[in-house]
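Taking it in order: structure first as structure tokens, then the write-up.
The values are calculated or read from the model by the stated rules, or taken from the named source; none is laboratory data. Please read these numbers as outputs of a predicted model, since none were measured by experiment. Neighbour counts run over all protein chains shown; Cβ positions are idealised from the backbone, glycine included.
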Amino acid sequence: MTNEIQEYLSKGAVVLDVRTLPEWNEGHSEGAKHIVLTVIPSSVEEVKSWDKPVIAVCKSGGRSGQAAEFLSSHGIDVINGGPWQNVDQYLAK
């Protein structure tokens, strides 16, 4: 999983945080995009417009897994990054 995250980041992947706004406000990765899981279905075109690979993250990996599965079924190159801190540790500070 770790290598996959690093590989995606090296390809310029967008970090997509699917947690709720209060969770996001408590802390998130710099430069991450925030789309709450419940609105992912109506945001597919926005995600496609980024034209980049995507790393979905949340608090534990459950919601990001659902988001990744959904986005993948719509042709988006996406992986489940699990908890946002997993990805955050690899981002340039």
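Would you check which residues across segment 34-68 are touching a residue at least 12 places away in the same chain (Cβ under 8 Å) and among the aliphatic types (A, V, I, L, M) and list them? Those that are touching a residue at least 12 places away in the same chain (Cβ under 8 Å) and among the aliphatic types (A, V, I, L, M): Ile35, Val36, Leu37, Ile40, Val44, Val47, Val54, Ile55, Ala56, Val57, Ala67, Ala68. Annotation: of all residues in segment 7-28 being touching a residue at least 24 places away in the same chain (Cβ under 8 Å) and of a type in the set (Asp, Glu), the one that is farthest from Val57 (Cα to Cα) is Glu23. Of all residue pairs spaced 6 or more apart or on separate chains, those with beta-carbon atoms under 9 Å, a first member in segment 75-93 that is at pLDDT 95 or above and assigned to a loop (DSSP other than H, G, I, E, B) and a second member that is charged (D, E, K, R) and surrounded by fewer than 20 Cβ atoms within 10 Å (Cβ to Cβ) are Gly75/Lys48; Ile76/Lys48; Asp77/Lys11; Asp77/Lys52.
Can you name the residue in segment 48-74 that is in a helix (DSSP H, G or I) and touching a Leu at 6+ places or on another chain (Cβ under 7 Å) and, of all such residues, is nearest to Ala13 (Cα to Cα)? For segment 48-74, the residue satisfying everything is Ala67.
Being within 13 Å of the chain's Cα centre (by Cα), touching a residue at least 24 places away in the same chain (Cβ under 8 Å) and exposed (fewer than 15 other Cβ atoms within 10 Å of the Cβ): is that true of Gly31 here?
Details: within 13 Å of the chain's Cα centre (by Cα): yes; touching a residue at least 24 places away in the same chain (Cβ under 8 Å): yes; exposed (fewer than 15 other Cβ atoms within 10 Å of the Cβ): yes.
In short, yes.
Residue count for segment 34-62 under the criterion of being among the acidic types (Asp, Glu) and either surrounded by 12 or more Cβ atoms within 10 Å (Cβ to Cβ) or on the phi < 0 side of the Ramachandran plot (or both): the result is 2. Tell me, which residue of segment 1-22 that is touching a strand residue (DSSP E or B) at 6+ places or on another chain (Cβ under 8 Å) and part of a helix (DSSP H, G or I) is farthest from Asn80 (Cα to Cα)? That would be Leu21.
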